[in-house]
Amino acid sequence: MTKTNRYAAAGVKLDTAEEAKRRIAKLVSATRTSLARGQVGGFGGMVRVPDGYKKPVLVMSTDGVGSKVLVAAAAGIHDTIGEDLVNHSVNDILVHGATPLAFLDYIAAGNLVPEIAEQIVAGVARGCRAHDMTLAGGETAQMPDLYQPGHYDLAGSIVGVVEEDAALHGDRVAAGDQLIGFASTGLHTNGYTLARRIVFESMKLKIDDPFPEIGQAVGQVLLAVHRSYAPALRPVLGEVHALAHVTGGGIAGNLVRVLPTGVEAVVDAGSWPWPPLFRVLMRAGQVGRDEMRRVFNLGVGMIAVVGRDDVEDVVRAAQRTQVPAWIIGEIRSTRASSAATVRFEER
């Protein structure tokens, strides 16, 4: 038995990995922009910083799609989570006003299946092309001792750029600013551990069953693609004082991250409609309202903090991209030394 065969007997099939890489290379090549440098398949990806910046700042972020991959595996639909990953990452650097330049993905599996890897990266590539961003590279890893058969994990890193003077930090937020909530498309990429337990264990639903109050199959509802807010917000970034991407931790846990000391964000709890998905999860899982707010986005995937005079422009920009948006609260003053807080106001 050769050394290669011994590796295969241990669970790692090098020929399979090479086939997956061959398929992925075609998808990667289709995302290369005019800023791309180097060769596809190198040890590192390269992109050039665009011309025209006086003091360019690189903005970087790394994230994953969590246990949403288990829903994708159950449904046999693997391309949408790649798009989820890209859109999530684009939103994370959009919060700082950055334009995406390059993306790298990481796929880890027990036994790599080239067709599945190809589908995953097809979604990543689709998301990159939608944002004129180069898929600069990535990694595929086979670890049979770590992942169960049929299971895999997906993560990625993004690099963007913003003019230093235009970067958003939240320091412009002031009392009287308004909170504008932008509609989510569902769970996005957070809260799946609890959602899966409710849907598949408490409700006893199967992946192809119709989801209550919605009518679509469970798989369709749970795999709805994480929305990118770049098209809605990029035209009005100059009018925005701060942005909060509503991910793990919910509205309060993310909005507080962009607030300066001496203010509180007061969220009008009844100012937007909860999508049926969240009402069903709350009722079927017997989840308290406070926990719902900490775990899920509740239909609001991004929050913009803007001055009163700019509200109409920002809402109109969202409407032009078919993204529902609502005024969901305001910024109020507290003691100058007080830590920023977020509270919900029931009416």
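In segment 48-66, what residues are assigned to a strand (DSSP E or B) and of a type in the set (Asp, Glu)? I'd like the intermediate steps shown before the answer.
Our first condition is that a residue be assigned to a strand (DSSP E or B); within segment 48-66, this holds for 56-64.
If the condition is that a residue be assigned to a strand (DSSP E or B) and of a type in the set (Asp, Glu), then 63 is the only one that fits.
Scan segment 35-47 residue by residue and report those that are part of a strand (DSSP E or B), surrounded by fewer than 18 Cβ atoms within 10 Å (Cβ to Cβ) and in contact (Cβ under 8 Å) with a residue 24 or more places away in the chain.
Taking segment 35-47 and keeping what is part of a strand (DSSP E or B), we get 36-37, 46-47.
Remaining after also requiring surrounded by fewer than 18 Cβ atoms within 10 Å (Cβ to Cβ): 37, 46.
The answer is 46, and nothing else.
Does residue 140 qualify as being within 26 Å of residue 321 (Cβ to Cβ) and β-branched (Val, Ile, Thr)?
no
Mind checking whether some residue in segment 51-64 is among the basic types (Lys, Arg), assigned by TED's automatic domain parsing to the domain that holds residue 148, modelled with pLDDT of 70 or more and surrounded by 13 or more Cβ atoms within 10 Å (Cβ to Cβ)?
Residues of segment 51-64 among the basic types (Lys, Arg): 54-55.
Now narrow it down to the ones that are assigned by TED's automatic domain parsing to the domain that holds residue 148: 54-55.
Adding the requirement that they be modelled with pLDDT of 70 or more leaves 54-55.
Keeping just the survivors that are surrounded by 13 or more Cβ atoms within 10 Å (Cβ to Cβ) gives none.
No, segment 51-64 contains no residue that is among the basic types (Lys, Arg), assigned by TED's automatic domain parsing to the domain that holds residue 148, modelled with pLDDT of 70 or more and surrounded by 13 or more Cβ atoms within 10 Å (Cβ to Cβ).
Rundown of residues vs (1) in contact with a Ser or Thr (Cβ under 8 Å, 6 or more places away or on another chain); (2) assigned to a strand (DSSP E or B); (3) within 21 Å of residue 297 (Cβ to Cβ); (4) among the basic types (Lys, Arg), yes/no style:
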| site | (1), (2), (3), (4) |
| --- | --- |
| 84 | yes, no, yes, no |
| 89 | yes, no, yes, no |
| 101 | yes, yes, no, no |
| 112 | yes, no, no, no |
| 120 | no, no, no, no |
| 124 | no, no, no, no |
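Consider segment 126-154. How many of its residues are under 15 Å from the mean Cα position of the chain (by Cα) and under 24 Å from residue 37 (Cβ atoms)?
5
Within segment 320-327, does at least one residue satisfy the condition of being of a type in the set (A, V, I, L, M, F, W, C), modelled with pLDDT of 95 or more, assigned to a loop (DSSP other than H, G, I, E, B) and surrounded by 14 or more Cβ atoms within 10 Å (Cβ to Cβ)?
Yes, segment 320-327 has at least one match.
Answer yes or no as to whether residue 294 is within 19 Å of the chain's Cα centre (by Cα), under 23 Å from residue 131 (Cα atoms) and not in a loop (DSSP other than H, G, I, E, B).
Against the criterion (within 19 Å of the chain's Cα centre (by Cα), under 23 Å from residue 131 (Cα atoms) and not in a loop (DSSP other than H, G, I, E, B)), residue 294 does not qualify.
The values are calculated or read from the model by the stated rules, or taken from the named source; none is laboratory data. Being a predicted model, the structure only gives us computed values, none of them experimental. Virtual Cβ from ideal backbone geometry, glycine too; neighbours counted across all protein chains shown.
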